[in-house]
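Trainee: Have a look at this one.
Laboratory data are not the source of any read-out in this text; all were calculated from the coordinates shown. This structure is a prediction, so every number in the text was calculated from the model and none was measured. Cβ coordinates were reconstructed from backbone atoms using ideal geometry, including for glycine residues, and neighbour counts include every protein chain displayed.
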Amino acid sequence: MGNYCFGIDVGGTTVKCGLFHTDGTLVEKWEIKTRTENHGEAIVPDVAKTILDKIEEKGIDKADVDGVGIGVPGPVTESGDVLVAVNLFWGFKHLAKELEELTGLHAKAGNDANVAALGEAWKGAAEGAKNIVLLTLGTGVGGGIIIDGKIVHGAHGAGGEVGHACINHAETAVCNCGNHGCLEQYASATGIVRIASQELARTKDESILRNSTLTAKAVLDAFKAGDEVAIRIMESVGDRLGGAMAIFAAVVDPEAFVIGGGVSRAGQPLIDCIRKYYEKYAFPTCRETPISIAALGNDAGIFGAARMVIQEK
């Protein structure tokens with residue numbers, strides 16, 4: 001076994017990079033800019049260059065590097081092919097193969113949320129768990145499912161796309177994916193603002209939200225401060241999210257749920273709100289499944305990416 005591996009997490013603005021020992025110790029982390037111009041043609045060569053530069057800078061023998069794992073936003077097949085990555089302006093791409101050719105190192109690729117889930121199961125909030133479901137509540141709702149310690153990629157690379165589970169068949173507003181009633185339309189930061197706007201228009205009740213710019217953070221802060229309108233908004237979010245998680249539990253029965261993304265910064269009050277509805281809807285055997293806040297923050301992606309490579313050894 002080599003002594004080192006790399007974990008790469010490609011975002012729309014920056015690429016997070018990590019050099020690890022194969023026991024999971026993070027040696028160093030750094031970032032480079034994501035150059036998305038010209039259909040993102042420079043992204044993979046830039047990643048390859050920063051890896052090779054780091055190997056040279058540290059005086060590492062290439063034979064001591066087990067490989068490089070990379071997470072990207074978009075569906076990725078088990079063989080490491082990206083079907084499309086809209087935020088990177090990519091169409092179909094043989095990502096793992098391309099990275100191997102440019103670095104001379106073994107490479108594995110995965111969807112960023114799936115990879116983050118693997119990181120949380122390895123060294124994060126669900127450390128030691130073999131079966132987890134991660135939900136990332138950010139601008140959208142991402143997810144990752146880990147079963148028996150491995151990412152569920154699915155037949156089309158769409159395993160773990162929990163944000164696009166349809167939970168409201170009566171919804172008329174359109175989700176970014178083109179469907180209607182997706183979980184993302186209720187539990188993301190933008191979804192919370194949407195529900196808040198509807199609630200503030202529906203009621204004349206006093207609320208501190210009427211005096212500020214409406215953001216998910218403002219709603220969550222008002223919720224924690226006991227604002228009655230904000231509580232109703234978050235009860236609605238908790239109902240939708242807890243109900244969706246109960247469905248996921250009936251399918252995969254995880255050891256733990258992990259909640260990440262910007263919305264998760266609301267902390268325990270958010271978890272308590274979700275838990276109440278999760279327990280209401282969950283199959284009795286799954287009712288006690290712990291729900292916790294992600295522990296690795298922005299580093300979950302690089303840890304999970306590194307883990308993909310180490311797992312094979």
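Trainee: Pull out the extension gain between Val27 and Ala158, defined as 0.36 nm times the separation in residues minus the alpha carbon to alpha carbon distance; nm, one decimal.
Mentor: Once the chain is fully extended between Val27 and Ala158, it gains 44.0 nm.
Trainee: State the label only: which of [x] 18.5, 58; [y] 23.6, 108; [z] 20.1, 68 corresponds to Rg and Dmax of the Cα atoms in Å computed from the shown model?
Mentor: Calculated Rg and Dmax of the Cα atoms in Å: the matching label is [z].
Trainee: Counting helices only, and only those DSSP H runs with n ≥ 4, report the 222 nm mean residue ellipticity of the chain as the sum of -39,500 (n - 2.57) divided by its residues, in deg cm²/dmol to the nearest 500.
Mentor: -11500 deg cm²/dmol
Trainee: Specify which residue in the list Gly160, Thr203, Val193 is farthest towards the positive end of the charge dipole of region 95-216, using unit charges on the beta carbon of Lys, Arg (+1) and Asp, Glu (-1), about the Cα centre.
Mentor: Thr203
Trainee: Moving on to the next point. Mind giving me the nanometre distance, one decimal, between the label points for Leu52 and Ser212, set 7 Å out from Cα along Cα→Cβ?
Mentor: Here the answer is 5.0 nm between the modelled labels.
Trainee: A follow-up question, please. Quote the FRET efficiency, to the nearest 0.05, computed for Ile147 versus Asp221 with a Förster distance R0 of 25 Å and r equal to the Cβ-Cβ distance.
Mentor: That gives a FRET efficiency of 0.10.
Trainee: Between Arg35 and Asp272, what FRET efficiency follows from the Cβ-Cβ distance if R0 is 30 Å, with the result rounded to 0.05?
Mentor: That gives a FRET efficiency of 0.10.
Trainee: Sticking with this structure for a sec: Over region 52-97, calculate the relative contact order: mean separation of alpha carbon pairs under 8 Å at least 6 apart, over the residue count, as a percent.
Mentor: 23
Trainee: Can you tell which of Val72, Val133, Val44 shows the greatest fluctuation in a Gaussian network model of the chain with Cα springs below 10 Å?
Mentor: In the Gaussian network model the winner is Val44.
Trainee: Between Thr14 and Thr139, take the C-beta separation as r, use R0 = 25 Å, and let me know the FRET efficiency to the nearest 0.05.
Mentor: 0.95
Trainee: Cut-off is 10 Å between beta-carbons; in what order do Asp239, Asp221 appear when sorted fewest neighbours first?
Mentor: Result, fewest neighbours first: Asp221, Asp239.
Trainee: Right, next: When Leu296, Leu183 are ordered from fewest to most other Cβ atoms inside 10 Å of their Cβ, what list results?
Mentor: Lowest to highest Cβ neighbour count: Leu296, Leu183.
Trainee: Relative to the present Cα-Cα distance, how much length would full extension add between Gln311 and Ile247 at 0.36 nm per residue of separation?
Mentor: So the extension gain works out to 20.1 nm.
Trainee: Further question on the same structure: Under a plain spin-label model, where a point goes 7 Å from the Cα along Cα-to-Cβ, how far apart in nm are Glu228 and Arg287?
Mentor: The answer from the label model is 3.2 nm.
Trainee: Relative contact order, percent, of the chain when contacts are C-alpha pairs under 8 Å separated by at least 6 residues?
Mentor: 21
Trainee: What percent does the relative contact order of region 128-294 come to when contacts are Cα pairs within less than 8 Å and at least six residues apart?
Mentor: Over region 128-294, the number comes to 24 percent.
Trainee: Now for a separate question. Please list, in order along region 249-262, the HN-Hα scalar couplings obtained from phi with the Karplus expression 6.51 cos²θ - 1.76 cosθ + 1.60 (θ = phi - 60°), rounded to whole Hz, x for Gly and Pro.
Mentor: 5, 5, 8, 10, 6, x, 6, 7, 9, 10, 10, x, x, x
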